[in-house]
1. What's the number of the condition Asp92 fails, among (1) touching a residue at least 12 places away in the same chain (Cβ under 8 Å); (2) part of a loop (DSSP other than H, G, I, E, B)?
2. May I ask you to list the residues in the range 57-78 that are surrounded by 11 or more Cβ atoms within 10 Å (Cβ to Cβ) and not in a strand (DSSP E or B)?
3. Please tell me if Ser50 is among the polar types (S, T, N, Q), under 16 Å from the mean Cα position of the chain (by Cα) and surrounded by 12 or more Cβ atoms within 10 Å (Cβ to Cβ).
4. Mind listing whichever residues of the range 64-84 are out of contact with any strand residue (DSSP E or B) (no Cβ under 7 Å at 6 or more places or on another chain) and within 26 Å of Ala36 (Cβ to Cβ)?
5. For residues in the range 95-121 being in contact (Cβ under 8 Å) with a residue 60 or more places away in the chain and polar (S, T, N, Q), which is farthest from Ala36 (Cα to Cα)?
6. Taking only the range 21-44 into account, find how many residues are within 14 Å of Leu8 (Cβ to Cβ), touching a strand residue (DSSP E or B) at 6+ places or on another chain (Cβ under 7 Å) and not small (Gly, Ala, Ser).
7. Go through the range 21-37 and count every residue that is under 13 Å from the mean Cα position of the chain (by Cα), more than 16 Å from Glu121 (Cα to Cα) and surrounded by 13 or more Cβ atoms within 10 Å (Cβ to Cβ).
8. What's the number of the condition Val116 fails, among (1) among the hydrophobic types (A, V, I, L, M, F, W, C); (2) in contact with a Gly (Cβ under 6 Å, 6 or more places away or on another chain); (3) modelled with pLDDT under 90?
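The values are calculated or read from the model by the stated rules, or taken from the named source; none is laboratory data. Note that the coordinates shown come from a computational prediction; the quantities given were computed from them, not determined experimentally. We place every Cβ from the backbone using ideal geometry, glycine too, and count neighbours over all the protein chains shown.
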Amino acid sequence: MRIAHIALCCKVGELDEVATYYKKLGFVVYKTTVLAGLKGYFMEHEKDRSCKLDIRENNSEPFSPVHHFCLLVDDAQRVYEDLRAQGVDFGDVGPPTLMPSGRTHFTLKGPYGLGVQFGEEMRMDDYVEDHVKSLMKKAGE
């Protein structure tokens, strides 16, 4: 298990400004997302592709610049079942779900409400695009 990414938040309309800061530190955008109408960028460091950030617009109050960190696992369902067997409190968190980002994951609330996500590697872009289109079609029905 290793850290897959750290998810940071910015206020709505400030995504490009925040991304510009991280670009100065050597990060590049490799994927864009829109979830619930809020834009986001997945970024990786140009010299170490394993160093990743997920920066998203966030309109929740109170605002926090850190949303969660993601631990990369081989099988999110197995980890979910193992943690449940160990008595971890899941609250209302359901089983791992394939998200439009292409990552199958689940997220627990850790100390102070910080999200602790357990996720698998992202799937191929074409699958993600098809998945997003199917979700948008369902929303439009």
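1. (1)
2. Answer for the range 57-78, where residues must be surrounded by 11 or more Cβ atoms within 10 Å (Cβ to Cβ) and not in a strand (DSSP E or B): Asn58, Asn59, Ser64, Pro65, Val73, Asp75, Ala76, Gln77, Arg78.
3. So Ser50 does not fit the description; no.
4. Within the range 64-84, Gln77 is the sole residue that qualifies.
5. Gln117
6. Result for the range 21-44: 10.
7. 3
8. Failing condition for Val116: (3).
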